[in-house]
Amino acid sequence: MRTISYSRATDVPTAVGAVTADPGSAFLAGGTNQVDLLRIYVEQPARLVDINDLPLRQIEESPGGGLQIGALARMSDVAGHRLVRQRFPVLAQALLLGASPQLRNMASMGGNLMQRTRCAYFRDLASPCNKRTPGAGCGAMHGVNRGHAVLGTSDMCIATHPSDLAVALVALDAVVYTRGAVASRDIPVDDFFLLPGNTPDREHPIEHGELIETIEVPASPIAARSAYLKVRDRESYEFALVSVAAAVAVEAGTITDVRLALGGVATRPWRARQAEQVLRGAPATVETFMAAAGREMAASVAHGMNEFKIELARRTIVRALGAITAEDWPAATRAAGVA
Ligand code: SF4
């Protein structure tokens with residue numbers, strides 16, 4: 001039996017101050033991932049500071065026509081919000097394809113971005129894991145790694161990032177606003193997730209006690225024509241083998257602008273900039289989509305059981321782009337299995 005002390009904060013400075021002052025403490029929001037990790041002793045804070053009373057649940061239009069989303073807004077509330085569904089369908093779809101209805105009702109937006117990998121070795125204290133215990137080794141490298149990453153890996157870690165939401169936010173160039181003990185910061189979401197490199201235990205560029213306050217999604221006309229395609233082993237309550245968040249503008253058969261990000265294949269939500277370069281200014285054809293997918297996945301590295309993901313990712317990119325650029329979009333996206 002371990003004792004964990006518990007307190008509730010009612011304002012942001014108090015919450016930040018309490019966690020910053022105590023290296024053994026942690027924030028508690030929805031708890032849908034964190035409580036799991038407490039139960040299996042992967043995370044062992046001595047103190048939890050409950051932040052659910054903080055006034056961070058807003059879902060509002062920002063002055064420029066984008067979205068301001070409080071870190072404690074629940075996934076289900078954001079997914080169902082009128083502005084999100086109308087202007088950022090890829091965001092609503094990614095949220096609805098994550099977890100289960102019960103979990104979406106509880107899980108917070110900020111907590112979703114901070115969730116830990118579902119690598120089975122990470123969650124098993126009897127297995128070596130560099131992310132959990134730096135320098136211990138990696139059980140997945142030559143183990144059961146069918147669900148692991150093929151992009152952004154290192155010799156230390158090949159774990160995939162589990163969030164669907166983060167993939168959509170990366171495609172939409174969202175910004176994460178944080179409050180620390182000394183200063184506030186804004187961090188482009190593409191910089192919010194670190195590659196594992198030699199320090200897979202360090203996943204975000206934030207300090208102990210630094211709190212996510214809001215997530216801003218900038219106004220983006222291209223986002224109105226966007227979608228999220230998630231391929232997984234079962235139709236519900238399952239993490240992605242491959243997912244694609246895409247927003248595309250097409251004029252007279254030519255792609256004039258595009259945002260593309262991948263989930264399930266990389267150690268962080270993966271902005272597919274190589275593919276975007278191929279797509280921008282090119283005809284919206286299957287040949288273009290295949291060339292873009294090939295360019296993006298050219299740097300991928302398999303580790304045995306996960307080799308199938310490389311071809312699966314190519315095909316998923318082509319399928320998503322084909323549907324979203326079809327003349328009868330959005331009906332074509334539904335027919336293609338895009339949410
Ligand atoms: Fe740990 Fe990463 Fe290896 Fe999984 S892949 S065991 S998280 S070091």
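Points to keep in mind about this one:
- Sole residue being surrounded by fewer than 18 Cβ atoms within 10 Å (Cβ to Cβ), of a type in the set (A, V, I, L, M) and within 11 Å of the ligand (Cβ to nearest atom), chosen from Ala120, Ala159: Ala120
- Taken over segment 303-317, the criterion of being surrounded by fewer than 17 Cβ atoms within 10 Å (Cβ to Cβ) and among the hydroxyl-bearing types (Ser, Thr, Tyr) is satisfied by no residue.
- Condition met for Ala224 (in contact with a helix residue (DSSP H, G or I) (Cβ under 9 Å, 6 or more places away or on another chain), surrounded by fewer than 15 Cβ atoms within 10 Å (Cβ to Cβ) and under 22 Å from Arg319 (Cα atoms)): yes
- When residues of segment 177-194 are limited to those that are surrounded by 17 or more Cβ atoms within 10 Å (Cβ to Cβ) and not in a strand (DSSP E or B), the one nearest to the ligand (Cβ to nearest atom): Phe193
- Answer residue from segment 19-35, given it is in a helix (DSSP H, G or I) and in contact (Cβ under 8 Å) with a residue 40 or more places away in the chain and is farthest from Arg185 (Cα to Cα) among those: Gln34
- Taking (1) near the ligand (Cβ under 9 Å from one of its atoms); (2) out of contact with any Pro (no Cβ under 9 Å at 6 or more places or on another chain); (3) not small (Gly, Ala, Ser) in turn, Cys129 satisfies each apart from (2).
- Any hit, segment 44-60, residues being touching a Ser or Thr at 6+ places or on another chain (Cβ under 9 Å), part of a helix (DSSP H, G or I) and at pLDDT 95 or above: no
- Identity of the residue in segment 96-117, under 12 Å from Gln34 (Cα atoms) and assigned to a loop (DSSP other than H, G, I, E, B), that ends up farthest from the ligand (Cβ to nearest atom): Ala107
- In segment 156-170, the residues that are of a type in the set (Asp, Glu) and modelled with pLDDT of 95 or more form Cβ pairs under 6 Å with partners that are in a loop (DSSP other than H, G, I, E, B) and more than 11 Å from the ligand (Cβ to nearest atom), at six or more places apart or across chains, as follows: Asp164/Leu97; Asp164/Gly98.
- Which listed residue, of Gly137, Gly80, is over 16 Å from the mean Cα position of the chain (by Cα) and within 16 Å of the ligand (Cβ to nearest atom): Gly137
Yes/no per residue for (1) out of contact with any Gly (no Cβ under 9 Å at 6 or more places or on another chain); (2) at pLDDT 95 or above; (3) crowded, with 16+ Cβ neighbours inside 10 Å:
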position	(1), (2), (3)
Glu276	yes, yes, yes
Arg280	yes, yes, no
Val286	no, yes, no
Ala292	yes, yes, yes
Arg295	yes, yes, yes
Val301	yes, yes, no
Leu321	yes, yes, yes
Ala332	no, no, yes
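- Residue under evaluation Met297, criteria (1) touching a residue at least 24 places away in the same chain (Cβ under 8 Å); (2) within 24 Å of Pro218 (Cα to Cα); (3) under 22 Å from the mean Cα position of the chain (by Cα), criterion not met: (2)
- Residue pairs whose Cβ atoms lie under 6 Å apart, separated by 6 or more positions or on different chains, with the first residue in segment 63-91 and in a helix (DSSP H, G or I) and the second polar (S, T, N, Q), are Ser76/Asn105; Pro89/Ser226; Val90/Ser226.
The values are calculated or read from the model by the stated rules, or taken from the named source; none is laboratory data. Keep in mind that what you see is a predicted model, and the values were worked out from it rather than measured. Don't worry about glycine lacking a Cβ; one is built from the backbone with ideal geometry, like all the others, and counts go over all protein chains shown.
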